[in-house]
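Asks: Have a look at this one before I ask anything.
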Amino acid sequence: MKKSLIILVIILVSGYTTVNAQLKYTINESWHFIKGNAIQEINQFNLQRDKAKLVDIPHTWNIEDVVDEEEGFYRGAGWYTKEVRIPTSFSEKEVFLFFEGVATAAEVYINNTLARTHIGGFTRFVVPVSDFIKFDKATEFTTFNVTVKADNSENEDWPALRADFTFFGGIYRDVNLIVTEKVHFDIVDDASNGVFITTPNVSAESGDINLKVNIKNDDTSTKKVKLVTKVYSPNEELVQEKTTSLKLVAGISNEFNLELNPVLNPQLWSPETPNLYKVVCELYDAKTNQKLDESANPLGFRWFTFDVDKGFFLNGKYLKLIGTNRHQDYKDISNAVPDHVHVEDILRMKAMGSNFLRIAHYPQDPIILEMCDRLGIITTVETPIIDTVTESEAFAQNCLSAQLEMIRQNYNHPSLIIWAYMNEVILHPKFTDNKERYEIYTKYIKDLAQKIEDLTRAEDPYRYTMIPNHNSLERYSKAGLTDIPMIVGWNIYNGWYGGSYELLPEKIEEIHAAIKKPMIITEYGAGVDPRLHTLYPMRFDFTHEYAVEYHKYYLEYFAKNDFIAGVNVWNYADFNSEGRIDAVQSINNKGLVGLDRKPKDVFFYYQASLLKEPFVAIATKTWGQRTYIEDQEGLGISTMPVQVFSNQQEIELLLNGKSLGVKPVIDKIAIFEVPFVNGLNKLVAKTTNGTYLEDFSEIRINVLPISLKNFPASGISINVGDRRFFYDDKIDHAWMFDRAYTPGSWGHIGGKPYVRPDKNMQQPYGAKQTIKGTFNDPIYQTQLVGIDQYRFDVSAGVYEITLHFAELEGTKAKHLPYDLTEETKQESKITNRTFSVTVNDKKIIDKIDLLGQYGEYRAVKIKTELSVKLGDPLIVNFKKIVGEPVLNAIEIYKRL
Ligand code: GCB
Ligand code: CA
């Protein structure tokens, strides 16, 4: 404790005297926190402070909601308070609090007085606090109290109103203390840094630099200052310096425009050469020459155009923009992540070969754009006006202020070329049953969009604007929304939520013909539960294999069509969305990497497709443990295809040291039929052209025998009614998909796979609810309906059998929140299902009523044990009483 205090003081002192005129450090630790809507105002909170728990920023109060099985997450207020100690000498200076993100609204009190409010969970804001502090001149240090009410309630005036991600609440990004002299760059208005750089004309020969500088004079009299502006080259050489004398009127922000000398033959910024210049503005007192403030900003020279037919050009050259979208949360941490998560993510995008990032659906941590500048990833960022709007003045104001803050706070990043706003804003339109009212509503949206567009173009005439829509061309063009922005974005999910991916070209060509605006495919993607694999990929199965097929089709089509200026996979990583009912509860798993950033197969496919340097990866990283049946009785070998992703011509694969031959790489994939043995299998993939390029993989296989005379020690675990392998990574448990019984072997007899009743989802996968009592939803979301028997032709012995059930035809089936199919709410049948189960001659389940006894969508496991005589098979018999018997999974072990 003592030690850290000393260090802090040293940093403090050296910070403002030598390094930078402006001092900035975090005050993240040890805030007293109470969650709850019961506290209405600050005095009430102060009375209850003894009930507070200590938390550190970044913090969100919704972490527990992510882990628990309950639906929904806390939306309401949370109170934070902290005593902040500063040197009393700061009384001569200006002290500010700088919040990088408080969701969704904030009230900030200094010494119990309201100092500022802020609405919008994704933009930064500054609170001047000097006036609220009573400096104690007799002591070395002065303490003041900061109390923050954060609030993530549902509020019809606060965008986003609804969306497919969890609206985590709290002070979830850093809180800083900033100390300046009385004269300083104006950080207060919109939390920019007061310096705005533009490069109106850039060519290979010359790059203009214009500056707008806002300087605040918090003193009582006019001040004369010197502004020294220095431009440094990418290798830190001073390329020019300009000194300007300025007179600053007291009490206001003084705005100056500055034209620097053009930089000749500038080193251009691009994804391949992210050359960053630096502009450092220094402020000096004209009389004393005391340094008052300093602001350093990135500068990149690049020029770009979007063309409706030809696509995107950077520095005069065609460039296909390819990359992902990104949310800001992480496994077990939610959105309250440390900077390192952001840094790693951008590094991994670069390692994937991305040159483009859609920062969606909201501005993110400052370090994201800094990393994109440095590594060379072109970006678009947007404000969160999603799915629907409120027709109120307050809502419109909040949209406009978020847009303005976003622009001013991120103005100088060369990587950023598009300001966007709205997302699928008429996905859930109101008043669909009243044509006139609907038109008033969409007119309101159009007017709002026009206001945001006008504001954006006035603030920044040098970048493009964009509105991303969902694939309903008619809806957006009719509403006039496609007329407004400079680029129109489209979120397209053909082959996921509906239809086949082969319908993609038709859709895109239709849009291209109708809308004479540059086009970006702002979203496309397919869900992957990292635990699911299949030999029979199909739409909406959440397997790695289907996603590879889907992305391969999309990417190849995009690559062929220049007019598609850019594409963003939805999403870079899996993310939290409390309302989701997919294979993994409350998670949208369209990520190329998981919530823990483990790459999925598709990630490697993108690497093979986008990277220029030689690349090879075996597509087995997510599937290191498997259960599969042997090819032929007694052979002990299970042959399965293995994909190897590469940008080389051909690949050789070795299994346990023995070559399986050389295969050509076709469209970035080489496929090998691998004869896996029981136990450990070591794969090596390598190039044949002498370059040292290898990838390794270790896979453990339980090869299940066709004949059960020697019952496997691993037991047999079958995902019934399913054609997907499932791997429960929590306990290392591999499940095989189902098979029909053949004499002398094992499998089901009778029954049909459950098929979802909804019109667009008539297939076995997914469910209309999450399954309670388990996290292994894929096992329980699939079942055989009308099953007669599950039969194992075993040898004599004692066996343990577990039957897994779940009622999928419940009454509370939900309309999926993200459903793009516009299907009306489907009334589910009230189930009437009763059946009995005997194992050989023992009745172990008598007239079970899953719905009545356990409730719908709940995992039910019933385990029994029985002795099988020599010559007898083991037969699980299902006897129908009312409706059809069902079975979701079965597990069997030999005990003796
Ligand atoms: C969309 C939305 C995005 C969703 C995504 C999905 O169109 O813009 O927020 O998460 O689809 O996965 O359904
Ligand atoms: Ca199943």
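The values are calculated or read from the model by the stated rules, or taken from the named source; none is laboratory data. Remember, predicted model here, so these are calculated numbers, not experimental data. Cβ sites come from the backbone with ideal geometry, for glycine too, and all protein chains shown count toward neighbours. Only protein heavy atoms, including side chains, enter the accessible area calculation; ligands, DNA and RNA are left aside. Shrake-Rupley method; radii C 1.70, N 1.55, O 1.52, S 1.80 Å.
Asks: For the chain, build the charge dipole from Cβ charges (+1 Lys, Arg; -1 Asp, Glu) around the Cα centre, then report which of Pro778, Asn28, Val602 sits farthest towards its positive end.
Replies: Selected residue: Pro778.
Asks: Under 17 Å Cα-Cα from Lys216, which lysines qualify once same-chain neighbours fewer than 8 residues away are excluded?
Replies: Lys93, Lys182, Lys224, Lys226, Lys247, Lys291
Asks: Let me ask you something else. In degrees from 0 to 90, rounded to the nearest 10, what is the angle of the helix 2-14 Cα long axis to the longest principal axis of the chain?
Replies: With rounding to tens, the tilt is 50 degrees.
Asks: Moving to a separate point now. Using square roots of five times the C-alpha gyration tensor eigenvalues, list the equivalent-ellipsoid semi-axes of region 442-592 in whole Å, biggest first.
Replies: Numbers: eigenvalues 188, 65, 38 Å².
So the equivalent ellipsoid measures 31, 18, 14 Å along its semi-axes.
Asks: Still on this structure, please answer the following. Can you tell me how region 252-340 classifies by the Cα gyration tensor, rounded, prolate or oblate, using a/c under 1.5 as the rounded cut? Please report the intermediate quantities before stating the final value.
Replies: Details: a/c = 2.67, a/b = 1.29, b/c = 2.08.
Since a/c reaches 1.5 but b/c is at least a/b, the shape of region 252-340 is classed as oblate.
Asks: As an exercise, identify the GluC sites (Glu not before Pro) in region 193-242 lying in DSSP coil whose Cβ has no more than 16 other Cβ atoms within 10 Å. Spell out each step's value before the answer.
Replies: Working: sites: Glu205, Glu236, Glu237, Glu241; in loops: Glu205, Glu236, Glu237.
Sparse-neighbourhood loop GluC sites (Glu not before Pro): Glu205, Glu236, Glu237.
Asks: Separate question: Using per-residue counts of other Cβ atoms within 10 Å, averaged over each peptide, order 373-385, 175-187 from highest down. Show your work: numbers first, answer last.
Replies: Numbers: 373-385: 24.1, 175-187: 22.1.
With the highest mean Cβ count within 10 Å placed first, the list reads 373-385, 175-187.
Asks: Can you give me the accessible area per residue for the chain, using a 1.4 Å probe, in Å²?
Replies: Details: 34950 Å² over 896 residues.
Computed with neighbouring chains in place, this is 39 Å² per residue.
Asks: Sort 192-199, 336-343 by packing, meaning the average of other beta carbons within 10 Å per residue, with the highest value first. List each step's numbers first, then the result.
Replies: Values: 192-199: 20.9, 336-343: 16.6.
Output ranking for 192-199, 336-343: 192-199, 336-343.
Asks: Follow-up question, since we're still on this one. Could you look at the chain and say what percent of its accessible area is carbon and sulfur, using a 1.4 Å probe and all protein chains? Working shown, then result.
Replies: Details: 17730 of 34950 Å².
Ligands and nucleic acids excluded, carbon and sulfur reach 51 percent.
Asks: Which value, to two decimals, describes the C-alpha radius of gyration of region 478-523 once divided by 2.2 N^0.38 Å? Could the numbers behind the result be given before it?
Replies: On the way: Rg = 11.3 Å, N = 46, 2.2 N^0.38 = 9.4 Å.
In units of the globular-protein estimate, region 478-523 measures up at 1.20.
Asks: Related question: Take the Cα coordinates of region 195-299, assign each an equal point scatterer, and use the Debye formula without solvent to give log10 I(q)/I(0) at q = 0.19 Å⁻¹.
Replies: Log10 I(q)/I(0), no solvent term: -0.93.
Asks: Throw me the Rg/Rh for region 613-706, computed over C-alpha atoms with Kirkwood Rh, two decimals. Could the numbers behind the result be given before it?
Replies: Details: Rg = 13.5 Å, Rh = 13.5 Å.
Radius of gyration over Kirkwood radius for region 613-706 works out to 1.00.
Asks: Any idea of Asp332's accessible area? Nearest 10 Å², probe 1.4 Å.
Replies: Around 110 Å² of this residue is reachable by solvent.
Asks: Further question on the same structure: Between Ser206 and Tyr438, what is the spin-label point distance in nm, taking each point 7 Å from the Cα along the Cα→C-beta axis?
Replies: Label-label distance for Ser206 and Tyr438, simple model: 5.6 nm.
Asks: How many percent of Cα pairs in region 467-545 exceed 16 Å? Mind dumping the intermediate values first?
Replies: Details: 1672 of 3081 pairs.
That fraction is 54 percent.
Asks: What three numbers, in Å, describe the spread of the alpha carbons of the chain along their principal axes, ordered from the longest?
Replies: Extents along the principal axes, in whole Å: 105, 69, 67.
Asks: How big is D, in µm² s⁻¹, for region 318-612 by Stokes-Einstein at 37 °C and 0.692 mPa s if Rh is the Kirkwood radius over C-alpha pairs?
Replies: Numbers: Rh = 19.5 Å.
The diffusion coefficient I find is 168 µm²/s.
Asks: Would you please give the FRET efficiency between Arg85 and Asn261, computed as 1/(1 + (r/R0)^6) with r the Cβ-Cβ distance and R0 = 41 Å, to the nearest 0.05?
Replies: Numbers: r = 46 Å, r/R0 = 1.12.
Given R0 = 41 Å and the Cβ-Cβ separation, E is 0.35.
Asks: Can you give the convex hull volume of the alpha carbon atoms of region 99-155 per residue, in Å³?
Replies: Output value, Cα hull per residue: 75 Å³.
Asks: Place the peptides 676-683, 833-840 in order of packing, highest mean first, counting for every residue the other Cβ atoms within 10 Å and averaging per peptide.
Replies: Packing proxy ranking, top to bottom: 833-840, 676-683.
Asks: Radius of gyration and Dmax for region 78-219's Cα atoms, expressed in Å?
Replies: Expressed in Å, the Cα Rg and Dmax of region 78-219 come to 18.5, 61.
Asks: Please list, or write none, the lysines whose alpha carbon is within less than 18 Å of the alpha carbon of Lys843, excluding same-chain residues fewer than 8 places away.
Replies: Hits, sequence-local ones excluded: Lys861, Lys863, Lys869, Lys879, Lys880.
Asks: On the first, second and third principal axes, largest extent first, how far apart are the outermost C-alpha atoms of region 715-896 in Å?
Replies: Sorted from largest, the Cα extents of region 715-896 read 58, 35, 28 Å.
Asks: Another question about this same structure. Once you place label points 7 Å from the Cα toward the Cβ at Tyr536 and Asp56, how far apart are they in nm?
Replies: Each label point is offset 7 Å from its Cα along the Cβ direction, giving 5.1 nm.
Asks: Run the numbers on region 3-183 and let me know its relative contact order in percent, using alpha-carbon pairs under 8 Å that are six or more apart. All intermediate terms of the calculation are to be shown ahead of the outcome.
Replies: Values: 363 pairs, mean separation 55.5, N = 181.
With pairs under 8 Å counted, the relative contact order is 31 percent.
Asks: Assuming R0 = 60 Å, can you tell me the calculated FRET efficiency for the pair Lys843 and Ile333, based on Cβ-Cβ distance, to the nearest 0.05?
Replies: Working: r = 50 Å, r/R0 = 0.83.
The calculated FRET efficiency here is 0.75.
Asks: What is the pair-distance distribution P(r) of region 23-109, computed from all Cα-Cα distances in 10 Å bins starting at 0, with each bin given as a whole percent?
Replies: 13, 41, 32, 11, 3, 0
Asks: In the structure displayed, which of Lys230/Lys612; Lys478/Lys517; Lys24/Lys598; Lys317/Lys516; Lys278/Lys317; Lys331/Lys768 lie more than 27 Å apart, Cα to Cα?
Replies: On the way: Lys230/Lys612 37 Å; Lys478/Lys517 15 Å; Lys24/Lys598 35 Å; Lys317/Lys516 22 Å; Lys278/Lys317 25 Å; Lys331/Lys768 24 Å.
Listed pairs above 27 Å: Lys230/Lys612; Lys24/Lys598.
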